[in-house]
1. What nm distance separates the two modelled labels at residue 791 and residue 311, each placed 7 Å from Cα along Cα→Cβ?
2. At 7 Å along Cα-to-Cβ for each site, give me the label-to-label distance between residue 114 and residue 479 in nm.
3. Based on the alpha-carbon gyration tensor of region 261-327 and its eigenvalue square roots a ≥ b ≥ c, which shape applies: rounded if a/c is under 1.5, prolate if not and a/b is larger than b/c, or oblate?
4. Using the heavy atoms of the protein chains alone and a 1.4 angstrom probe, what is the accessible area of the chain per residue in square angstrom?
5. Per-residue counts of other Cβ atoms within 10 Å, averaged by peptide: what ranking do you get for 428-438, 712-722, 560-570, 203-213, highest first?
6. Among 678-684, 24-30, 619-625, what's the highest-first ranking by average C-beta atoms within 10 angstrom per residue?
7. To the nearest 10 degrees, how steep is helix 141-152 against the longest Cα principal axis of the chain, on a 0 to 90 scale?
8. When the accessible area of the chain is split by element with a 1.4 Å probe, what percent falls to carbon and sulfur?
Amino acid sequence: MDKYKVTGMTCAACVARVEGTVSKVPGVTKCEVSLLTNSMTVEGDYNVSDIIKAVDGAGYKAESLSADNSAVNNVDTLEDKETPLMVKRLIASAIVTLLIMYLTMGRGMLGLPVPAILNENMVVLAILEMLLTIIVMIINNRFFVSGFKSAIHLAPNMDTLVALGSFVSFAYSVYVLLLMAAVLGTDGLGAAAVYTNSLYFESAAMILTLITVGKTLEAFSKGKTTDALKGLMKLSPKSATVIRSGKEVTVEATDVMVGDIFVVRPGESLPVDGIVLEGSSAVDESALTGESLPVDKATGDTVSSATINQSGFLKCEATRVGSDTTLAQIIEMVTNAAATKAPIAKLADKVAGIFVPCVLMISLITFIIWMVIGGDVARAINYAISVLVISCPCSLGLATPVAIMVGSGVGARKGILYKTAVSLELAGRINIVALDKTGTITEGNPKVTDIIPAGEKTSDELITVAYSLEALSEHPLSKAIAGYASDNGVKQLPASDFEAMPGKGLRAVVDGKNCYGGNALYIGSMLSLSADILASMDRLSGEGKTPILFSSDTDVLGIIAVADTVRNDAVEAVKELTDMGTTVVMITGDNERTARAIAAEVGIDHVVSGVLPGGKEQVITNLQKYGKVAMVGDGINDAPALMKADLGMAVSSGTDVAIDAAGVVMMKPTLRSIPAAIRLGRFTLRNIRENLFWAFFYNSIGIPLAAGVFAKLGLSLSPMFGALAMSLSSFCVVSNALRLNLKDIYNTSRDRKVKGPEVILDSDKENSNNQIKEKENIKMTKTIKIEGMMCMHCEAHVREALEKMDAVAKADVSHEKGTAVVELTGDVSNDALAEAVTNAGYKVLGVE
């Protein structure tokens with residue numbers, strides 16, 4: 001995606017013209033133009049010179065910003081240079097216009113004093129008015145240059161309407177002045193004075209001045225919408241202290257290279273992203289995350305550009321510099337959000353594209369109708385001009401981008417980054433949120449909680465094999481076990497032929513023996529699991545822990561349980577989402593009992609458990625049947641689901657892959673950023689709708705009123721009042737968008753407590769079926785001690801009696817050992833087994 005700066009645009013019609021022209025350039029696949037930031041983004045395989053040439057041919061100027069990306073992140077590019085110029089124009093225009101009004105209304109209506117010659121000779125007065133009006137037109141020549149230039153290119157814009165309105169008023173007044181001069185020569189001053197009521201010089205000047213008032217207010221308000229972005233840019237440090245040849249040297253922050261060693265003293269800003277090599281300190285990260293409390297940093301921790309070192313001395317190695325720093329990426333995201341378009345803007349864009357030609361046609365029809373009705377040229381021109389100057393395509397064009405800019409700026413200040421305008425709009429439409437469990441609902445730092453050796457195995461034997469296996473894996477649970485073993489001085493045995501089976505477990509040859517680790521389904525498919533092992537697995541799962549079985553080819557070694565701590569704000573975040581009418585779904589690879597236990601702890605009703613790493617995408621597809629889905633995740637395996645969801649949301653502590661795949665990035669280390677992001681999206685969407693309503697309502701009422709449709713009811717507008725209304729319409733739209741700055745997106749008091757969409761997941765049924773299949777596949781065993789068996793016939797008799805039972809898959813009976821080992825596919829009580837053997841004529845000594 002390449003960025004361009006476009007100059008010369010004044011309204012939504014200009015935007016439509018530029019977009020339409022550039023979209024026709026060979027190789028262009030997408031073009032979006034922002035009136036607010038005077039920028040354009042283009043995608044495709046094309047020649048840059050063709051883009052610039054196309055924009056120039058449309059009557060505007062374009063400059064590529066892609067060649068110097070630093071220009072995008074330079075605060076000077078957002079400096080409000082327009083407002084000071086507009087203020088100067090306004091002051092000059094107002095002074096001259098007030099003088100014209102003094103000569104016309106002040107002299108005529110209020111009887112204010114003027115030189116005698118102006119009272120005696122109306123022609124001299126009219127000539128003076130004409131000269132003063134010409135001065136106003138010269139001061140505001142931009143309207144005429146832009147307006148008529150656009151008309152020549154067959155792309156009339158708002159300036160065309162203003163220029164035509166003012167010029168027609170001026171031209172008609174000049175015509176009347178010539179008539180006055182002609183009458184003066186034949187019939188004298190009295191006859192010439194009759195025509196003074198047909199002069200519209202003051203209207204021509206007042207139209208330009210009032211439009212300039214509106215444009216000045218609009219420019220000022222537009223400048224305010226980029227305050228958040230400018231504030232971010234100003235955070236960028238200017239210098240850095242790096243170590244070169246063993247000495248500290250101060251250099252420009254832009255000159256720091258990856259791998260450079262830099263030092264930061266208390267009170268200084270970090271110049272680039274890096275990793276702490278020496279020292280410890282509390283670092284203020286509020287500029288990036290919105291979190292007011294400082295974060296402790298020590299050796300090995302990462303630090304970010306523009307954060308402030310508050311207490312200690314830090315020596316760091318630069319890892320990300322220039323446009324790759326966290327701050328630069330944030331600025332880039334906010335800029336892109338402002339430069340792209342939300343889908344809701346499409347209707348306004350379509351209307352804006354044909355708006356000005358339609359207004360010109362309505363103005364012409366208005367003139368013709370009033371000429372036919374009354375034959376009064378002055379009256380017909382008055383109504384036609386009023387139609388021209390009251391029509392406002394600007395409010396249509398600004399309705400969406402100003403709200404997007406302000407909304408994305410508010411989000412950036414609060415640590416929520418929307419990558420595009422589409423992301424911000426979608427956030428406002430989300431009604432289902434899917435949360436990945438590990439690292440999102442939980443802290444993502446699992447710890448070993450239980451070590452349960454099987455039978456006569458020892459804890460040392462179990463943890464040694466587990467350590468040797470898990471040390472070869474990158475899975476978070478593996479790291480937890482390996483970390484625990486390492487911290488406790490457990491010896492790691494040599495391992496080879498490592499193999500990981502996603503969703504099941506892993507295997508390797510440890511110290512010359514095949515060893516396995518994984519869930520009950522995986523280990524149970526190879527070995528018989530005792531009732532005690534299964535009971536322990538069931539109990540640990542019910543406690544919200546993840547039990548992992550370990551075994552060799554011949555023996556079950558035992559269970560190691562790992563648990564992750566639930567985030568302290570998870571309950572509050574889930575409640576906020578639920579109260580907002582959002583259905584929350586938890587997705588996890590854990591077994592159902594563990595998943596349900598954690599979900600119950602945080603208040604989530606819908607759980608999809610046993611999901612393999614590649615299965616999250618399918619879960620999102622199923623959820624999309626019920627509404628707009630946001631997926632929240634942080635890992636590489638979450639990336640496909642993040643992209644599949646209507647809106648992907650990633651935490652900043654997540655992997656780069658997840659962050660790249662997401663549309664929203666949350667910088668704050670709190671789950672409450674999720675409802676806050678949705679809340680801000682809804683605020684922004686509502687604001688856009690208000691702006692569009694005002695823009696359409698204003699034009700739908702204003703144009704008929706200006707055309708004299710309600711004249712018989714005594715309702716009509718002069719060109720001057722029409723110009724005033726036009727000038728205020730855009731200001732109202734921009735001012736309404738600025739109200740978003742007053743919103744507290746973490747405040748729940750205004751949430752409307754509604755019920756979210758009902759979600760009936762196939763995966764819930766599948767999980768139930770999986771549990772049944774799991775029980776069928778696990779070979780649960782019990783050993784019955786029997787007295788009275790004397791031969792193989794006795795064995796057959798006992799075997800037949802036991803295998804008749806529904807839940808008994810197999811009975812291995814030995815008269816020599818006096819035992820019957822039964823493999824069960826379901827839950828069978830000891831009493832039931834004993835009764836079956838007793839009924840067969842033998843005595844049961846016990847069931848294990």
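The values are calculated or read from the model by the stated rules, or taken from the named source; none is laboratory data. The shown structure was predicted, so the numbers you read here are calculated from the model rather than taken from an experiment. All Cβ positions, even for glycine, are placed from backbone atoms using ideal geometry, and neighbour counts span all protein chains on display. Please note that ligands, DNA and RNA were not included when accessible areas were found on the heavy atoms of the full protein model with its side chains. Shrake-Rupley method; radii C 1.70, N 1.55, O 1.52, S 1.80 Å.
1. 8.7 nm
2. If labels sit at residue 114 and residue 479, their model points lie 8.3 nm apart.
3. Details: a/c = 1.62, a/b = 1.02, b/c = 1.58.
Taking the square roots of the gyration eigenvalues as a ≥ b ≥ c, region 261-327 is oblate.
4. Details: 37140 Å² over 848 residues.
Accessible area per residue: 44 Å².
5. Numbers: 428-438: 24.3, 712-722: 17.0, 560-570: 19.5, 203-213: 28.2.
My ranking of the peptides, most packed first, is 203-213, 428-438, 560-570, 712-722.
6. Details: 678-684: 24.6, 24-30: 12.6, 619-625: 18.6.
Sorting 678-684, 24-30, 619-625 by mean packing, highest first, produces 678-684, 619-625, 24-30.
7. Roughly 70 degrees between the two axes.
8. Numbers: 21090 of 37140 Å².
Summing carbon and sulfur atoms, their accessible area is 57 percent of the total for the chain.
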